[in-house]
Structures are given as C-alpha cells and as structure tokens.
Amino acid sequence: MQDVALYKANNHLAIEDIARENIVITASSNSAAKIGLDKESVKAFFIAQISAAKAIQYRYRADLLSNKTSHKPRDLNTIIRPQLIELGSKINTQIAYCLKHGQPFTADQETGFINALNVDYLSNSDKKKLFNALIDIRLQPIKSH
Ligand SMILES: O=C(O)C(=O)C[C@]1(C(=O)O)C=C[C@@H](O)C=C1
C-alpha cells in the first residue's frame, strides 16, 4: 500500500478513487459468489479492506511530507492493481475453503487475528473492523428444488 500511496503522491493523484473501488467491489463479490460465498457479506468485507488500504495510504502520505524517499514505486495500473485483484480472489478462496470445511471464524480469534496483522500504518481499530467483517462472511444458502 505504501507503493500505491507513493505512486499517487508522485503523480498528484487523490488516494480515494471511487470508480476503482466500485470495480474492486464488483470483481471481488462476483468471484466470491462463483465459489459459493454470500455476495453481500463479501462486499462488506471488501469495503473494510478498502477502508484499511486508504487509512494506510493517508498515514504514509502524511509521513512523506517530512520524510522524502527516492524509492521508485511499482506501477499502479499495470502491476499493483492486477496484483490486488489476484490477492482478493485468493483471500476469497481461502475463506470459502475454511467455511466449507467447517472452520468458521469466531469472535475468540480476534486477538490472534490482530496480533498476526503486522502491517505498518494499520491501526487496531482498522484491524477490528476487518475482523468484524471477516466473521460475518457466510456461505450461500444451499438451493433446494
Ligand atoms: O487501486 C487503488 O488506487 C488503491 O488505492 C486500492 C484501493 C483498494 O483497496 O482496492 C483502495 C483505495 C482506493 O479508493 C481504490 C482502491
């Protein structure tokens, strides 16, 4: 996410890109539905992920004002965005696997989840929001004929 923020700062782009968010949410909830996950609950999870991504970028971008860097960020459109879509689809696959194999996420895993997320610029409240959206993800109900 720091590369995303740096790319945007270098190119005078806003951090929030609503058109892109809509593309990400549609792509991720459609790919989730194909593997049996409930679309609306996955949407809410991706909205939480996008919020976390923006929070990281805003904090990092604030730091850039006093700490300049010569680091060259990866290209947002050709490299980072396709990788983020791929990552989202992998996350969906793992979640579907856990839910289909009777390993639902439960509230008592919150501390472990928060401790496992070692990500610079991600706050505890961002992590809690992600966790709350994660444990709400459901499988689609099985259709009866
Ligand atoms: O693609 C970007 O520009 C990102 O910053 C990533 C992302 C996302 O999480 O998918 C986050 C914030 C933007 O508003 C749009 C998308």
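Just so it is clear, none of the values below were taken in a lab; they were calculated from the coordinates. A quick note: this is a predicted structure, and the numbers were derived from the prediction, not measured. A quick note on method: Cβ atoms are made from the backbone with ideal geometry, for glycine too, and the neighbour counts reach across all protein chains shown.
Please find, among 70, 28, the residue that is among the polar types (S, T, N, Q) and within 19 Å of the chain's Cα centre (by Cα).
Details: 70 fails: within 19 Å of the chain's Cα centre (by Cα).
Testing whether each residue is among the polar types (S, T, N, Q) and within 19 Å of the chain's Cα centre (by Cα) leaves just 28.
Would it be correct to say that residue 117 is within 20 Å of residue 49 (Cα to Cα), free of Cβ contacts under 8 Å to residues at least 40 places away in the same chain and in contact with a Lys or Arg (Cβ under 8 Å, 6 or more places away or on another chain)? Write out each step before concluding.
Numbers: within 20 Å of residue 49 (Cα to Cα): yes; free of Cβ contacts under 8 Å to residues at least 40 places away in the same chain: yes; in contact with a Lys or Arg (Cβ under 8 Å, 6 or more places away or on another chain): yes.
For residue 117, the condition - within 20 Å of residue 49 (Cα to Cα), free of Cβ contacts under 8 Å to residues at least 40 places away in the same chain and in contact with a Lys or Arg (Cβ under 8 Å, 6 or more places away or on another chain) - is met.
Would you be able to tell me the number of residues in the range 79-96 that are within 12 Å of the ligand (Cβ to nearest atom), farther than 12 Å from residue 28 by Cα and aliphatic (A, V, I, L, M)?
Here the count works out to 2.
Please determine whether any residue of the range 109-128 is of a type in the set (Phe, Trp, Tyr), under 21 Å from residue 34 (Cα atoms) and crowded, with 18+ Cβ neighbours inside 10 Å.
First, pick out the residues of the range 109-128 that are of a type in the set (Phe, Trp, Tyr): 113, 121.
Now restrict to residues that are under 21 Å from residue 34 (Cα atoms): none.
The answer is no; no qualifying residue exists.
Take the conditions touching a helix residue (DSSP H, G or I) at 6+ places or on another chain (Cβ under 7 Å), farther than 18 Å from residue 136 by Cβ and among the aliphatic types (A, V, I, L, M) and apply them to residue 114. Does it pass? Show your work before the answer.
Numbers: touching a helix residue (DSSP H, G or I) at 6+ places or on another chain (Cβ under 7 Å): yes; farther than 18 Å from residue 136 by Cβ: no; among the aliphatic types (A, V, I, L, M): yes.
No: the conditions fail for residue 114.
I'd like the full set of residues that are of a type in the set (A, V, I, L, M, F, W, C) and within 17 Å of residue 22 (Cα to Cα), limited to the range 63-79.
Here is the first cut: in the range 63-79, the residues of a type in the set (A, V, I, L, M, F, W, C) are 64-65, 76, 79.
The answer is 76, and nothing else.
Anything in the range 6-45 that is near the ligand (Cβ under 8 Å from one of its atoms) and assigned to a helix (DSSP H, G or I)? List them, or say none.
The answer is 8, 18, 20, 21, 24.
Going through the range 46-58 one residue at a time, which ones are touching a helix residue (DSSP H, G or I) at 6+ places or on another chain (Cβ under 6 Å) and near the ligand (Cβ under 7 Å from one of its atoms)?
Narrowing the range 46-58 to residues touching a helix residue (DSSP H, G or I) at 6+ places or on another chain (Cβ under 6 Å): 46, 48, 50, 52, 55, 57.
Once the filter is applied, which keeps residues that are touching a helix residue (DSSP H, G or I) at 6+ places or on another chain (Cβ under 6 Å) and near the ligand (Cβ under 7 Å from one of its atoms), the range 46-58 yields 50, 57.
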